[in-house]
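Colleague: Just passing along the structure, written as structure tokens.
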Amino acid sequence: MTPATRQNVLGLYRKIFQIAKKWQSASGQPEETTKEKEYIKNEARTLFRKNKHVTDPKLIEQCIEECEARIEIGLHYNIPYPRPIHLPPMGLAHKQGRKLRHQEKLRKISKPIYLKSHDEVS
């Protein structure tokens with residue numbers, strides 16, 4: 001990892017914890033605010049530790065983009081949790097075969113960047 005990339009990653013980590021420190025839930029309830037603050041901190045710790053040993057520059061860049069996207073979406077909607085996506089159901093393909101594999105591939109490709117790591121951690 002280059003020194004500039006390292007600084008960028010550490011800056012994002014600090015930014016997340018600063019956001020968590022100032023976070024106010026949309027409902028304004030103190031217990032809800034505390035719960036969301038803890039979620040933000042735990043999610044950041046988990047994902048950063050999970051990706052600690054990543055060395056591929058492209059994969060590091062993807063992780064940085066995902067982090068930035070999740071920060072922006074969380075701040076914009078005032079919701080710390082990943083927003084759900086709506087994909088078409090896979091009910092049209094047969095249980096096995098090319099069509100099913102093709103649909104699974106399309107679903108994986110169409111997943112937004114801010115949800116790439118969510119399924120792996122949850």
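The values are calculated or read from the model by the stated rules, or taken from the named source; none is laboratory data. What you see is a predicted model, and the numbers here were worked out from it, not measured in a lab. Using ideal geometry, Cβ is built from the backbone for each residue, glycine included, and neighbour counts are taken over all protein chains shown. Protein only, heavy atoms only, side chains kept; ligands, DNA and RNA dropped before computing areas. Shrake-Rupley method; radii C 1.70, N 1.55, O 1.52, S 1.80 Å.
Colleague: If the reach is capped at under 18 angstrom between alpha carbons, list the lysines near residue 105, excluding any in the same chain fewer than eight residues apart.
Modeller: Cross-link targets: 95, 116.
Colleague: Suppose each label sits 7 Å from its Cα in the direction of the beta carbon; what would the residue 32-residue 7 distance come out to in nanometres?
Modeller: A separation of 4.0 nm, rounded to one decimal place.
Colleague: Here is a further query. Which whole number of Å³ per residue matches the convex hull of the alpha-carbon atoms in segment 1-74?
Modeller: 72 Å³
Colleague: While we're here: Can you give the extra length, in nm with one decimal, that the chain gains between residue 105 and residue 83 once fully stretched, where that is 0.36 nm per residue apart less the Cα-Cα distance?
Modeller: Extending this stretch completely gives an extra 5.8 nm.
Colleague: Express in Å², to the nearest 10, the accessible area of residue 77 obtained by rolling a 1.4 Å probe over the protein heavy atoms while all chains stay in place.
Modeller: The accessible area of residue 77 comes to roughly 110 Å².
Colleague: Mind giving me the FRET efficiency for residue 76 and residue 52? R0 is 22 Å, r the Cβ-Cβ distance, nearest 0.05 is fine.
Modeller: Calculated transfer efficiency: 0.20.
Colleague: If you don't mind, there's one more thing I want to ask. Compute the label zone of residue 68 within segment 4-44: residues whose backbone N is under 15 Å from the point 7 Å along Cα-to-Cβ.
Modeller: Answer for this model: 4-13, 15-16.
Colleague: Another question, if that's okay. Count of lysine pairs in segment 3-83 with Cα atoms under 27 Å apart, counting only pairs 8 or more residues apart in sequence or on different chains?
Modeller: Number of lysine pairs found: 24.
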